[in-house]
Amino acid sequence: MTEELFAYLMDDLPADRRAEVEAKLAADPAWQAELERLRQCLAESANPCDCLAEEEPPADLVKRTCCLVEKISDHPGASAPKPPNKSRRALAAFTAASPCHGPHGRRWNVADITVGSAVALMVASLMFPALFETRAAARRATCQDNLRTFGTALFDYQQARDQQLPPVRPGETAGTYALQLVKSGVVTPNQLQQILVCPESPLADQVFAGRVVIVVPRRDQLKNLSAARQRELMRLIGGSYAYRMGYRDENGDYRQVPFTGQARSPLMADAPSASEAGLRSANHQGNGLNVIDQNMQVRFQTGCMLEGDNVYTNDDGEQAAGLDAQDIVLGPSDIGPEGRLFQLAPIR
């Protein structure tokens, strides 16, 4: 219960599990009390992990346990067989020698504190990396769930349109896929807002801190905005993800990518960021990226190369449309077939 409520307060639960926790909070006073305790602890503690610590056991726990065992073994009606005399003598000696023996117990000395501190530090060194790794794995799984939801929406979209995916036309940016999905009705604006942000991305940090708000307008609403406001929205409308753009054929004409259901043919992935090493995903601490292919399988891969091809650039190394049907290019929200657009085409 405590771990789930801690993840709930840290906004680190998938939507379905969050709904289950909220249902328990509405019905169970114990869950409500623990939530209030965690809230107060998080407000007062410099280290949130301290709030997961369990209460210390009673100081006389060892003595009381030993006495209870001894009483049970001596009770005439006890159903369990008595331990051998040698074991009973050892138990009595252990009870008498216990620090809890006597009315007040023994105070800790400097040596006890030193050893206890060393043990606590050792436990912390083992526990904290595992805690952070577990949290990173949970966020990576949430990101993968987001891409699966996108995959379902894209599949429903193309199924009603003769295998045509949401188009990214010349003069538009890759982020228009989000507008197309909402316009088609396969997702609502509220549903889209829930899956646009990978929780292990730089954008998530800005959104959770309230510095960035992602708005998902309808296409008719976007038409009524100024060009500057349109550019601002389109820079974020694709969220943490990059979408598959089209390619130029042998005549130089721009073509959309059809839905084929093939494996190793990406539809979407974590969006790239510029770095000294070139374009790469900054999500997941830069260790790799989540990808959903046309066969609806989500995978995590290290690096941004797919069979020697950088999925964020075309064969000329540009963030623009592919140079042929085999040239895969995944564009972030503000990149279009011609590259980074400073003037958007009129919204249709």
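Taken together, the values in this text are just the output of simple stated rules run on the coordinates, not laboratory data. Values in this document were obtained by computation on a predicted structure and should not be read as measured data. Cβ: placed from backbone, ideal geometry, glycine included. Neighbour counts: every protein chain shown.
Model label points for ASP162 and GLN326, set 7 angstrom from Cα along the Cα-to-Cβ axis, are 2.8 nm apart.
Charged side chains reduced to their Cβ positions (Lys and Arg at +1, Asp and Glu at -1) give the range 140-340 a dipole of some 840 debye around its Cα centre. The Cβ shell under 10 Å around VAL182 holds other residues with a net charge of +3, Lys and Arg each +1, Asp and Glu each -1.
Please list, in order, the residues from the range 176-191 whose amide nitrogen is less than 16 Å from a point placed 7 Å along the Cα→Cβ vector of ARG219. Zone members listed by number: 176-189. Find out how many positive minus negative residues lie around SER226, taking Lys and Arg as positive, Asp and Glu as negative, among other residues whose Cβ is under 15 Å from that of SER226. With Lys, Arg at +1 and Asp, Glu at -1, the net is +3.
Couplings for the range 151-168, taken from phi via the Karplus curve 6.51 cos²θ - 1.76 cosθ + 1.60 with θ = phi - 60°, read x, 4, 5, 5, 5, 5, 4, 6, 5, 8, 9, 6, 6, 9, 7, x, x, 10 Hz in order; Gly and Pro are left as x. Once backbone amide H atoms are built at 1.01 Å from N, ASP315 has LEU323 as its partners under 5 Å, excluding neighbours fewer than 5 places away on the same chain.
Site pair GLN262 and THR302 shows an inter-label distance of 2.7 nm when each label is modelled 7 Å from Cα along Cα→Cβ.
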